[in-house]
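Structure first, commentary second.
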Amino acid sequence: MPWLKLLHIIALVIWCGSLIYLPALVTQSMRARVDAGFAQGSPQMPRFFYNSIATPAALLAIFSGTLLFLWYGVLGGWLVLKLMAVMGMVAAHGGLGWWILRLEAGLFKGVKRGCIASGLLASGCIVSVLFLVLAKPMEWS
């Protein structure tokens, strides 16, 4: 099953990169939309990136991680903590989707602060997942 591990790692790298990049993309799109005045259209890049890159990578990472968990039968306290951190990444992902919808609706209030909060949550959870995966050989139970 090394190909499944490779698929999981590739999907995680894309998803984590997307979670770090999306707050900046949404904030920049908000600034461009506010500066456009009457000629403003709906910013398409944040939605495209979210729907076409970030979400499929997230689903693939979660699906392949679940298969790895079931295939190898891994259990341990570190896994529960890791899954909690992944839940935080999922929450940040959903929050970014919410801010994209608000941006498209023209509701700019709180979008920048919300994107920063989502980015900080995602970054903290990504670091936690990395720490827990690398500390796994300590055999936490």
(request) Please specify each residue of the stretch 62-76 satisfying the condition of being modelled with pLDDT under 90 and of a type in the set (Gly, Ala, Ser). (result) GLY73, GLY76
(request) Just give me the residues in the stretch 24-56 being buried (at least 17 other Cβ atoms within 10 Å of the Cβ), at pLDDT 90 or above and hydrophobic (A, V, I, L, M, F, W, C), in sequence order. (result) LEU25, VAL26, PHE49, ALA54
(request) Find the residue count for the stretch 123-136, including only residues that are free of Cβ contacts under 8 Å to residues at least 24 places away in the same chain and crowded, with 18+ Cβ neighbours inside 10 Å. (result) 0
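Which residue out of LEU96, LEU59, LEU120, LEU79 is surrounded by 14 or more Cβ atoms within 10 Å (Cβ to Cβ), at pLDDT 85 or above and of a type outside the set (Val, Ile, Thr)?
Going through LEU96, LEU59, LEU120, LEU79 in turn, the sole match is LEU96.
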(message) For the stretch 74-126: of the residues being β-branched (Val, Ile, Thr) and over 16 Å from the mean Cα position of the chain (by Cα), which is nearest to PRO23 (Cα to Cα)?
(response) VAL111
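State whether one or more residues within the stretch 14-23 are at pLDDT 85 or above, surrounded by 12 or more Cβ atoms within 10 Å (Cβ to Cβ) and more than 11 Å from the chain's Cα centre (by Cα).
From the stretch 14-23, those at pLDDT 85 or above are 14-23; that's our starting set.
Keeping just the survivors that are surrounded by 12 or more Cβ atoms within 10 Å (Cβ to Cβ) gives 14-23.
When the remaining residues are screened for being more than 11 Å from the chain's Cα centre (by Cα), the result is none.
Among the residues of the stretch 14-23, not one is at pLDDT 85 or above, surrounded by 12 or more Cβ atoms within 10 Å (Cβ to Cβ) and more than 11 Å from the chain's Cα centre (by Cα), which makes the answer no.
The values are calculated or read from the model by the stated rules, or taken from the named source; none is laboratory data. Every value quoted in this text rests on a predicted model; they were computed, and no experiment measured them. Virtual Cβ from ideal backbone geometry, glycine too; neighbours counted across all protein chains shown.
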